[in-house]
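The values are calculated or read from the model by the stated rules, or taken from the named source; none is laboratory data. Note that the structure is a prediction, hence the values are computed from the model and not measured. A quick note on method: Cβ atoms are made from the backbone with ideal geometry, for glycine too, and the neighbour counts reach across all protein chains shown.
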Amino acid sequence: MKRRDLLKLPLAGGAGLLAPTVNAACTKETDGTPAQFLPKKPADPAPQDNDLEKYPSCPYCGMDRRFNHHSRMLIHYGNDLPDPLCSIHCAVISLAINLGLDPKAIYVADNGVAHDPHPLIEVGQATFLVGSDLPGVMTWNSKVAYGSTAAAQVAQQVHGGRLLDFQQTLRVSFADLADDLERMRKGREERRKRAARKRQEG
């Protein structure tokens, strides 16, 4: 997938969070902060093969991709660096902070296949069920991918939601990001408070 095609989507205009151009200094590996975000896995010409064995955890949140195989994604950048993600939530973070890298392919789990783990398909083949009552991963607004529109329609009849393509879902994901992060921070703060109360009571 070429960056110019991706930038036709929410990255350029929909969410207003990214610009299609990057300062050349931001792409140098010696410039500090930007280099910290570059994918750290070794180059892999076929990262989608046995991805759960090779990449069991998400580098952005630490979540177990094997447990969340149904929501996992994988971005294969043009320099063959793989970025294995737990969900589309972390995928939009990867795309946002790796503007100097063009995706060669983006994969998502196909929930239309019954066996576990669900296989990866390219996002261009996927239909996303967004806003259903199915649980979301790293987001309050559920986004579940299916390898066929027919499978997504069946799930929609049971769980509600709306059917979107990847471009539309990416736009929604960027818009959801602020709310998702706020909810996560509030949740962590509540857990810290509960832990502190337990220590005081104990």
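Of the residues D102, D176, which single one is of a type in the set (D, E) and surrounded by 19 or more Cβ atoms within 10 Å (Cβ to Cβ)? So that I can check it myself, show each step before the final result.
On the way: D102 fails: surrounded by 19 or more Cβ atoms within 10 Å (Cβ to Cβ).
None of the other options fit; the residue is D176.
Tell me, which residue of the range 62-107 that is small (G, A, S) and in a loop (DSSP other than H, G, I, E, B) is farthest from V123 (Cα to Cα)?
It comes out as G62.
Of all residues in the range 111-131, which are surrounded by 19 or more Cβ atoms within 10 Å (Cβ to Cβ) and under 15 Å from T149 (Cα atoms)?
Of everything in the range 111-131, those that are surrounded by 19 or more Cβ atoms within 10 Å (Cβ to Cβ) and under 15 Å from T149 (Cα atoms) turn out to be N111, G112, I121, V123, A126, T127, F128, L129, V130.
Would you say A114 is within 26 Å of A152 (Cα to Cα) and at pLDDT below 95?
Details: within 26 Å of A152 (Cα to Cα): yes; at pLDDT below 95: yes.
The answer is yes for A114.
Output the residue which, of all residues in the range 45-60 that are touching a His at 6+ places or on another chain (Cβ under 8 Å) and in a loop (DSSP other than H, G, I, E, B), is farthest from G136 (Cα to Cα).
Filtering the range 45-60 down to residues touching a His at 6+ places or on another chain (Cβ under 8 Å) leaves 47-48, 52.
Right, trim to in a loop (DSSP other than H, G, I, E, B) and you get 47-48.
On the way: P47: 25, Q48: 23 Å.
That would be P47.
Are there any pairs with C-beta distances below 7 angstrom linking a residue in the range 176-201 that is closer than 28 Å to V130 by Cα to a residue that is part of a helix (DSSP H, G or I), with the two at least 6 apart or on different chains, and if so which?
These pairs meet every condition: L177/V92; D180/H89.
For the range 157-171, name all the residues that are surrounded by fewer than 19 Cβ atoms within 10 Å (Cβ to Cβ) and not in a loop (DSSP other than H, G, I, E, B).
Q157, V158, H159, R162, L163, Q167, Q168, R171
Out of all the residues in the range 115-145, which are assigned to a loop (DSSP other than H, G, I, E, B) and hydrophobic (A, V, I, L, M, F, W, C)?
Of everything in the range 115-145, those that are assigned to a loop (DSSP other than H, G, I, E, B) and hydrophobic (A, V, I, L, M, F, W, C) turn out to be A126, L134, V137, M138, W140.
What is the one condition in (1) modelled with pLDDT of 95 or more; (2) within 19 Å of T169 (Cα to Cα) that F67 does not satisfy?
In the conditions (1) modelled with pLDDT of 95 or more; (2) within 19 Å of T169 (Cα to Cα), F67 misses (2) alone.
Among the numbered criteria (1) in a strand (DSSP E or B); (2) in contact (Cβ under 8 Å) with a residue 40 or more places away in the chain; (3) not hydrophobic (A, V, I, L, M, F, W, C), which single criterion is violated by G112?
So the condition that G112 fails would be (1).
Do any residues in the range 130-153 that are within 20 Å of P117 (Cα to Cα) have Cβ atoms under 7 Å from those of residues that are hydroxyl-bearing (S, T, Y) and in a loop (DSSP other than H, G, I, E, B), where the two are at least six apart or on different chains, and which pairs are they?
L134/S142; P135/S142; G136/S142; V137/S71; V137/S87; M138/S87; S142/S132; V144/S132
How about the range 132-147: which of its residues are buried (at least 22 other Cβ atoms within 10 Å of the Cβ) and touching a strand residue (DSSP E or B) at 6+ places or on another chain (Cβ under 7 Å)?
K143, V144, A145, Y146
Identify, please: which residue in the range 13-45 is surrounded by 11 or more Cβ atoms within 10 Å (Cβ to Cβ), under 18 Å from D80 (Cα atoms) and of a type outside the set (S, T, Y) and is, among those, modelled with the lowest pLDDT?
Within the range 13-45, the match that is modelled with the lowest pLDDT is K28.
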